[in-house]
Amino acid sequence: MTDFIIEPTATPTDPARRAELVANPVFGRVFTDHMVIIRYSEGKGWHDARVTAYQPLSIDPASTVLHYGQEIFEGMKAYRTADGRVSAFRPDANARRFAESARRMGMAELPEELFVQAVDALVRIDHDWVPSGDGKALYLRPFMISNEVFLGVKPASEYLFIVIACPVGSYFSGGAVSVWVSEHYTRAAPGGTGEAKCGGNYAGSLVAQAEAKEQGCDQVLFLDARERRYIEEMGGMNVMFVRDDGVLVTPPLGGTILRGITRDSLLRVAADNGITVEETLLDIDEVFEGAASGRYREAFACGTAAALSPIGCFRRTGGEAVFGDGATMGPVSAKMRQLLMNLQSGRSNDSYGWVHPIV
Ligand SMILES: *Cc1c(COP(=O)(O)O)cnc(C)c1O
């Protein structure tokens, strides 16, 4: 157990103002009073773990992250349970994925226990910021940047690990989203960084996301880089479909798809609730045909930020694939969403050991 130096902020948010912010959360713009910061340097290892006031960082202009982008992050949530306590959901899975991302990006690996302790420490000091109510949570953003002052190209010798948090409501405003199938851009190639949760993957996806908006769509879907044929995932969420035989299908992980914890949780919960799951390659043409014929009845995106949101349609040059009525969540998606949210909020018995009580 690492001892964190605790330095409570000298200027906490006024409780009435905080209550207002927590009651009407806006995604990603308002942060809690504190942050966690832990330093790494070669030789010394991880040291100087602190919980301190949320504040700007001071970074040398020659810091490696500003030039070569050694940056990884996680996205997770702390939920207020029915009894008023606060729990995180599978933080050990985030810790493991964070370590895997660090390895892929040549960064220092943060011990998984330290990752979980850091998240716990921040939630403990800022627990008043955890909202209650359907779809609301405290979003936690652990991340790591390289921070060596050097313009040479090599894995850095110094890193900062930081955790910040913000109260959030539902990521999407509700209703089914429309999705543009990207023809020009891909997100990840075999041997690349697609499986790492690194900022660079997002940087590379933004122009495709902008193109989706120009086409009048909410989100973008990427196909595989080799054949431009198989469905991979969205810019920041995995995708699943429900077929007319009731089977829940999703593309298999294979190095180019981010290993979503929501994806993994849904597959396990579905299987345990009598829904057959299949991880299989999904040809985009077959899915377009299958949407028209009724073979593919439901489609949804899944990830921590949005939990599970229905996909109304896919669009590409010269065609549209509409799932279900194109507007509302299908019955299997709705059941999956409810099962997941019941677990996260502590409303159903956690037979998986996924709920991690903090406060
Ligand atoms: C984070 C992320 C997801 C979803 O992962 P969860 O662990 O379910 O939040 C999916 N795709 C990409 C590209 C991501 O970065």
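The values are calculated or read from the model by the stated rules, or taken from the named source; none is laboratory data. Since the model is a prediction, treat every value here as computed from it, not as a measurement. Note that each Cβ is placed from the backbone with ideal geometry, even for glycine, and that neighbours are counted across all protein chains shown. Heads up: the accessible areas ignore ligands, DNA and RNA and are worked out on the full protein's heavy atoms, side chains in. Shrake-Rupley method; radii C 1.70, N 1.55, O 1.52, S 1.80 Å.
Below is a table of values for the structure above.
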{"read-out": "Residue match in the stretch 194-213 (condition: more than 12 Å from the ligand (Cβ to nearest atom), more than 30 Å from Arg29 (Cβ to Cβ) and of a type outside the set (Gly, Ala, Ser))", "value": "no"}
{"read-out": "Long-range neighbours under 6 Å by Cβ, at least six apart or interchain, first residue among the acidic types (Asp, Glu) within the stretch 182-200, second open to solvent by less than 30 Å² (accessible area, probe 1.4 Å)", "value": "Glu195/Gly255"}
{"read-out": "Out of Val26, Val22, sole residue that is modelled with pLDDT of 95 or more and either part of a loop (DSSP other than H, G, I, E, B) or within 21 Å of the chain's Cα centre (by Cα) (or both)", "value": "Val22"}
{"read-out": "Qualifying residue in the stretch 162-171 (condition: at pLDDT below 95, open to solvent by 10 Å² or more (accessible area, probe 1.4 Å) and touching a Ser or Thr at 6+ places or on another chain (Cβ under 8 Å))", "value": "yes"}
{"read-out": "Number of the exception - Asp244 against (1) out of contact with any Lys or Arg (no Cβ under 6 Å at 6 or more places or on another chain); (2) of a type outside the set (A, V, I, L, M); (3) more than 30 Å from Gln70 (Cα to Cα)", "value": "(1)"}
{"read-out": "Leading residue by the ranking (farthest from Pro310 (Cα to Cα)) among those in the stretch 206-228 that are touching a strand residue (DSSP E or B) at 6+ places or on another chain (Cβ under 6 Å) and outside any strand (DSSP E or B)", "value": "Asp224"}
{"read-out": "Counted residues, the stretch 322-338 - those being in a helix (DSSP H, G or I) and among the small types (Gly, Ala, Ser)", "value": "2"}
{"read-out": "Residues within the stretch 290-302 that are under 17 Å from Leu221 (Cα atoms) and open to solvent by 30 Å² or more (accessible area, probe 1.4 Å), tallied", "value": "0"}
{"read-out": "First in the stretch 30-50 and in contact (Cβ under 8 Å) with a residue 24 or more places away in the chain, second anywhere and polar (S, T, N, Q) and not in a strand (DSSP E or B), Cβ under 7 Å, 6 or more apart", "value": "Asp33/Thr9; Asp33/Thr13; His34/Thr9; Ser41/Ser157; Glu42/Ser157; Ala49/Thr2"}
{"read-out": "Test: residue in the stretch 147-169 that is basic (Lys, Arg) and farther than 23 Å from Asp92 by Cα", "value": "yes"}
{"read-out": "Those residues of the stretch 305-352 which are in contact (Cβ under 8 Å) with a residue 60 or more places away in the chain, under 17 Å from Met234 (Cβ atoms) and open to solvent by 30 Å² or more (accessible area, probe 1.4 Å), in sequence order", "value": "Arg315, Arg316, Met329"}
{"read-out": "Hey, Leu267 of a type outside the set (Phe, Trp, Tyr), touching a residue at least 24 places away in the same chain (Cβ under 8 Å) and buried (at least 17 other Cβ atoms within 10 Å of the Cβ) or not", "value": "no"}
{"read-out": "Pick from the stretch 155-193, criterion of a type in the set (A, V, I, L, M), assigned to a loop (DSSP other than H, G, I, E, B) and more than 16 Å from the ligand (Cβ to nearest atom), ranking: farthest from Ser132 (Cα to Cα)", "value": "Ala156"}
{"read-out": "Leading residue by the ranking (most open to solvent (accessible area, probe 1.4 Å)) among those in the stretch 229-247 that are within 11 Å of the ligand (Cβ to nearest atom) and assigned to a loop (DSSP other than H, G, I, E, B)", "value": "Gly236"}
{"read-out": "Residues within the stretch 218-228 that are within 12 Å of the ligand (Cβ to nearest atom) and not β-branched (Val, Ile, Thr), tallied", "value": "3"}
{"read-out": "Qualifying positions in the stretch 248-281 - within 16 Å of the ligand (Cβ to nearest atom), assigned to a loop (DSSP other than H, G, I, E, B) and not β-branched (Val, Ile, Thr)", "value": "Pro251, Pro252, Leu253, Gly254, Gly255, Leu258, Arg259, Gly260"}
{"read-out": "Strands (runs of 3 or more DSSP E) wholly inside the stretch 39-153 that include at least 1 residues being surrounded by 22 or more Cβ atoms within 10 Å (Cβ to Cβ) and within 16 Å of the ligand (Cβ to nearest atom)", "value": "71-73, 76-80, 86-89, 137-146"}
